[in-house]
1. Could you tally the net charge around Pro124, taking each other residue with its Cβ under 9 Å from the Cβ of Pro124, Lys/Arg +1 and Asp/Glu -1?
2. For the range 118-153 and the range 66-102, what is the separation of their Cα centres, given in Å?
3. For the range 95-182, what is Rg from Cα atoms divided by 2.2 N^0.38 Å, rounded to two decimals?
4. How large is the charge dipole for the range 1-112, taken about the Cα centre, if only the Cβ atoms of Lys, Arg (+1) and Asp, Glu (-1) carry charge, to the nearest 20 debye?
5. Between exposed GluC sites (Glu not before Pro) in the chain, where DSSP calls loop and at most 11 other Cβ atoms lie within 10 Å, what's the longest gap?
6. Could you check the simple spin-label distance between Gln59 and Ser40, using points 7 Å along Cα→Cβ, in nm with one decimal?
7. Restricting to the chain, compute how many DSSP beta bridges are antiparallel as a %, nearest 5.
8. Given a 10 angstrom Cα cut-off, can you work out which residue in Thr64, Thr92, Thr43 is the most mobile in a GNM of the chain?
Amino acid sequence: MTQPVLNFDPELLLRAQPVRVAFFDVDGVLTDGGLLFSESGETLKRFNTLDGHGIKLLQKAGITPAVITGRDSAPLRVRLKALGVEHAVFGTEDKRPAAEQVLATLGLNWSQAAAMGDDWPDLPVMRSSALACAPHNAHIEVRHCAHYTTQARGGEGAAREFCDLLLVATGAYAGLLAGYAA
């Protein structure tokens, strides 16, 4: 069997063990934060397949991915549907109440939540969650709040690092990897 090569701080892994829901921001986390507009004014977004696969792996491990974002767009909705993300709140800057609604729907509490964000609107959810994560290029205040800052930048595999951390902490990583290494 292939041995995982990931190595996270043991205290970080202990903090992540009870996580059953992972909240993601979109712009700056699942994308690089840039906004592209077509001539007709349609917003175009670029998503990283590593991040998408990480979200699918979370679901296989019994961790619910949820998206809370200040923006809404057709490309985002298409991407989330393709990933099987069932819990998403669009167009809100007041993210903590949105996250509380998702937690209530899932019958979970903040001690079972992790969050990844990159800018000030994400801070209330990150501060409430048991585990907070930020991409490498997040705003300095967000990085300061985070328990873990990824090596990758937002939209370039940062969300996958967050997913991998959760998978290692819950003990699901090695088994999932073995399914691909056969």
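The values are calculated or read from the model by the stated rules, or taken from the named source; none is laboratory data. Since the model is a prediction, treat every value here as computed from it, not as a measurement. Glycine also receives a Cβ, built like all others from the backbone with ideal geometry; neighbour counts cover every protein chain displayed. With ligands, DNA and RNA removed, areas are computed over all heavy atoms of the protein, side chains included. Shrake-Rupley method; radii C 1.70, N 1.55, O 1.52, S 1.80 Å.
1. Surrounding charge for Pro124 is +1.
2. Their Cα centres are 18 Å away from one another.
3. Here the answer is 1.16, to two decimals.
4. It comes to approximately 380 debye.
5. 94-182
6. Simple spin-label model gives 2.8 nm for this pair.
7. The antiparallel fraction comes to roughly 10 percent.
8. Among Thr64, Thr92, Thr43, the largest GNM mean-square fluctuation belongs to Thr43.
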